[in-house]
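The values are calculated or read from the model by the stated rules, or taken from the named source; none is laboratory data. Treat the numbers as computed from the prediction; the structure is a model and nothing was measured. All Cβ positions, even for glycine, are placed from backbone atoms using ideal geometry, and neighbour counts span all protein chains on display.
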Amino acid sequence: MLSQKALEKQLFSELLAIADTKFVLGSWYFIALPNGRSVQDWTALCALTQDHYGHSRALYRYFARYGFTRPEAEWQREAADIRSARVLDYPPESWADLIVTAYLVELAVTLRLGSFAAADGDGAFARLARKIQNESRFHLVYLEGWLDVLTNGIDEDIHRSLQKRLKLFIEWWGPADVDDVVHLSGTRSIDDTALLAEFREQVSAALPAFSSTINELTAGNRGGAVSAELRRSGRRGIPETLYELLRFKEPELAVP
């Protein structure tokens, strides 16, 4: 049986991966802002960026219970310390790739937060997770609208993006042969395998023409012991090139 200390370590790793993934995805939106197709896109991307920065900072504040402060989380880490989903390590190759990748990540993170919100474990975190989940629904509506547009003409770009991104993202759900101790502890209401099944179903509903590709790519190897140790982050750290784009250059100017 896993000790309380070991469980806390596993939970912290999972929550830090969620927070860092939100922070990096928010940075993706900010960097991609000039490529928006209309004023409405610029407005939406600004709102999405603001939401993700706010969500990640709320999570960083929550980590004080682990002795990990917001300044440490946001301003004092190097590229090798960031635990965001590896699928975000590689920049979007097109507008379609941006939309597809963002949708996959938004959906996976929102489903996971919903599972924390519905759990009987930590009430304080469940309330925070529910608030973030509710605020993220607009993100999915916006991205699903773009998926409807994109499927009317550039199927090849969408297929290429799904092939590339899902192969990397499958590790987010952790190894299938390792006990999901966060779920078993009651802190998260749904286990990884069920979360993956729900993710697969919703992505297939959003992109029905690609359901066979989605099913094939999400049935693959979900990683090994390293993925279990570094919960939902695959290899520890992000590329230096990405880190330079999102890190605070002058931390002393940041608002605490």
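Okay, here's what the table says:
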quantity	calculated
Looking only at region 183-197, and only at residues there that are at pLDDT 90 or above and in a helix (DSSP H, G or I), the one that is farthest from Ser3 (Cα to Cα)	Ala197
Checklist (1) closer than 23 Å to Gln202 by Cβ; (2) in a loop (DSSP other than H, G, I, E, B); (3) of a type in the set (Lys, Arg) applied to Arg83, failing item	(1)
Test: Thr110 is under 21 Å from Arg222 (Cα atoms), free of Cβ contacts under 8 Å to residues at least 60 places away in the same chain and under 14 Å from the mean Cα position of the chain (by Cα)	yes
For Ala73: the one exception among (1) part of a helix (DSSP H, G or I); (2) over 17 Å from Ala32 (Cβ atoms); (3) out of contact with any Phe, Trp or Tyr (no Cβ under 7 Å at 6 or more places or on another chain); (4) of a type in the set (A, V, I, L, M)	(3)
Phe116 being touching a residue at least 40 places away in the same chain (Cβ under 8 Å), over 19 Å from Leu25 (Cα atoms), buried (at least 19 other Cβ atoms within 10 Å of the Cβ) and over 15 Å from the mean Cα position of the chain (by Cα)	no
Residue in region 42-63 that is touching a residue at least 60 places away in the same chain (Cβ under 8 Å) and among the polar types (S, T, N, Q) present	no
Unique match (being surrounded by 14 or more Cβ atoms within 10 Å (Cβ to Cβ) and more than 19 Å from the chain's Cα centre (by Cα)) among Asp89, Asp41	Asp41
Qualifying residue in region 247-254 (condition: at pLDDT below 90, aromatic (Phe, Trp, Tyr) and under 28 Å from Glu72 (Cβ atoms))	yes
Residue among Thr43, Thr69 that is out of contact with any Asp or Glu (no Cβ under 8 Å at 6 or more places or on another chain) and either under 23 Å from Leu143 (Cβ atoms) or small (Gly, Ala, Ser) (or both)	Thr43
When residues of region 198-239 are limited to those that are among the acidic types (Asp, Glu) and closer than 19 Å to Pro175 by Cα, the one modelled with the highest pLDDT	Glu198
Within region 154-177, considering residues that are buried (at least 16 other Cβ atoms within 10 Å of the Cβ) and of a type in the set (A, V, I, L, M, F, W, C), the one farthest from Phe125 (Cα to Cα)	Ile158
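Conditions (1) over 24 Å from Arg57 (Cα atoms); (2) touching a helix residue (DSSP H, G or I) at 6+ places or on another chain (Cβ under 8 Å); (3) among the hydrophobic types (A, V, I, L, M, F, W, C); (4) modelled with pLDDT under 90, marked per residue:
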residue: Ser84; (1), (2), (3), (4): no, yes, no, no
residue: Pro92; (1), (2), (3), (4): yes, yes, no, no
residue: Asp97; (1), (2), (3), (4): yes, yes, no, no
residue: Thr101; (1), (2), (3), (4): no, yes, no, no
residue: Gln133; (1), (2), (3), (4): no, yes, no, no
residue: Asn152; (1), (2), (3), (4): yes, no, no, yes
residue: Ala176; (1), (2), (3), (4): yes, yes, yes, yes
